[in-house]
1. So the check is Cβ under 7 Å with 6+ separation or different chains; which pairs have a first residue in the range 80-104 that's acidic (Asp, Glu) and a second one that's open to solvent by 100 Å² or more (accessible area, probe 1.4 Å) and part of a loop (DSSP other than H, G, I, E, B)?
2. (1) more than 10 Å from the ligand (Cβ to nearest atom); (2) open to solvent by 90 Å² or more (accessible area, probe 1.4 Å); (3) outside any loop (DSSP other than H, G, I, E, B): which one isn't true of Asn56, the others all being true?
3. Exactly one condition in (1) farther than 16 Å from Leu129 by Cα; (2) within 7 Å of the ligand (Cβ to nearest atom); (3) open to solvent by 70 Å² or more (accessible area, probe 1.4 Å) is false for Phe89; which is it?
Amino acid sequence: MNQGCPTNPMTYWKTLLALLIIAIVSSPAFADDIAEGRQLYLRYCASCHGIDGDGNGPLAGSLTTPPPNLRQLSLRYGNPLPRDRIARFIDGRADVKAHGTRDMPVWGERFYAEPNGSEAATRERIRKLVAYLQSIQTGARTASR
Ligand code: HEC
């Protein structure tokens, strides 16, 4: 009897398949964007937009423009959200060039300026934030997900 390498061809293929699945699932592409987006949200956005995204953060009262309820973005923009448009707004660099200052911080600039900041890292962060915002939509036009 040979007990070294699995001699049964099915065992061999199952082992190979299992290894392949582990490799795919642990690749960065499968990291949980929404969970990471939520961490970023709590760190950078909740002070104004509120922990729940309802616009009632502790800084809200001191702003000229009240921070909008981000759970209802879909009422304004439709669902699924136009991700590029929302991302561009959060980034802000293009808009500020076109329309001047705004009350919302220019996150593209801030993320870029952080240690290890880069254009790619900035886009990644904003992409995850938008994924999180999509996940918290409660408006009437919310899709079934
Ligand atoms: C200093 C307070 C403040 C912080 C912090 C802040 N925002 Fe805002 N945000 C605002 C205000 C005020 C507006 C209203 C638009 C304006 O005048 O700038 C706004 C608008 C928005 C909008 C557009 C809403 C719409 O209806 O079009 C989005 C999306 C948004 N914020 C996302 C974020 C995200 C994501 C973060 C964190 C990375 C964040 N905000 C952090 C104050 C803030």
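1. Between residues of the range 80-104 that are acidic (Asp, Glu) and residues that are open to solvent by 100 Å² or more (accessible area, probe 1.4 Å) and part of a loop (DSSP other than H, G, I, E, B), the close pairs are Asp103/Thr64.
2. Answer for Asn56: the failing condition is (3).
3. Against the list (1) farther than 16 Å from Leu129 by Cα; (2) within 7 Å of the ligand (Cβ to nearest atom); (3) open to solvent by 70 Å² or more (accessible area, probe 1.4 Å), Phe89 comes up short only on (1).
The values are calculated or read from the model by the stated rules, or taken from the named source; none is laboratory data. Computed from a prediction, not measured in an experiment: that's the story for all the values here. Note: ideal-geometry Cβ built from the backbone for every residue, glycine included; neighbour counts use all protein chains shown. The accessibility values were calculated without ligands, DNA or RNA, using every heavy atom of the protein model including side chains. Shrake-Rupley method; radii C 1.70, N 1.55, O 1.52, S 1.80 Å.
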